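Student: Structure below; questions to follow.
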């Protein structure tokens, strides 16, 4: 069965390779935003047994490179982006003096998107997003090691419009992990708990084809 699946995959990509019509690449930049989204957080420190609703604000920017391999109406678009995000949480039922609620993170995002072009200028896409966290600091510029999960995987999906050498797209980026408030192994100042930053965020970007 495994050999049969491998055979069909080889046959599919072999036929697909004969339909490559173009290879494109370029630069992109945009903003990341998610203001006042109501999120459910599991609170380890209180052991409530149920999630509590809180408001999060995650805003920032990104810039990077992309490559686009076109197969008629289907395309594959890998990207590499440098991203900076400012996170802020308004907590309920949790003493804010104990929790890191405001922090900045810088990371490398690598989305690998598969798209479909139903019309000449319009495209829809989805695919996994691989993330490498470079640095996480609170607003006092102190490094927070507990927040720094080096590698994470998420999902991106959205829609784009291309005109001449420009393309604008809006997409949703969603992490696969729960939003939780956990104890810190390495407290920062008087803070001994932290919030994971894996919730939903929106991206609006402009691409320029070179």
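Student: Do you know the relative contact order of the chain, to the nearest whole percent, from alpha carbon pairs under 8 angstrom that are 6+ apart? Kindly include the intermediate steps, with their values, before the conclusion.
Tutor: Details: 530 pairs, mean separation 43.2, N = 210.
Reported relative contact order: 21 percent.
Student: Okay, moving on. Which percent, nearest 5, of DSSP beta bridges in the range 21-209 are antiparallel? Please report the intermediate quantities before stating the final value.
Tutor: On the way: 99 of 103 bridges.
Among the beta bridges of the range 21-209, antiparallel pairing accounts for roughly 95 percent.
Student: Now for a different question. Could you work out the pair-distance distribution P(r) of the chain from its alpha-carbon pairs, with 5 angstrom bin width and percents rounded to whole numbers?
Tutor: All Cα pairs, binned at 5 Å, distribute as 1, 7, 13, 17, 15, 13, 10, 8, 7, 5, 3, 1, 0 percent.
Student: For helix 2-17, report the angle its Cα long axis makes with the longest principal axis of the Cα atoms of the chain; keep it between 0 and 90° and round to the nearest 10°.
Tutor: That works out to roughly 60 degrees.
Student: Note down the nm distance, to one decimal, between modelled labels 7 Å out along Cα→Cβ at residue 145 and at residue 157.
Tutor: My value for the distance between the label points is 3.9 nm.
Student: Of the residues 120, 107, 174, which exhibits the maximal mean-square fluctuation in a Gaussian network model of the chain defined by a 10 Å Cα contact cut-off?
Tutor: Between 120, 107, 174, it is 120 that shows the largest mean-square fluctuation.
Student: Name the most mobile residue of 133, 186, 70, meaning the one with the largest mean-square fluctuation, in a Gaussian network model of the chain with Cα contacts below 10 Å.
Tutor: 186
Student: Compute a Gaussian network model of the chain, connecting alpha carbons closer than 10 Å, and tell me which residue from 143, 88, 22 fluctuates the most.
Tutor: 22
Computed from the coordinates by the stated procedures, all read-outs in this text should not be read as laboratory data. Keep in mind that what you see is a predicted model, and the values were worked out from it rather than measured. Note that we place each Cβ from the backbone using ideal geometry, even for glycine, and neighbour counts take in every protein chain shown.
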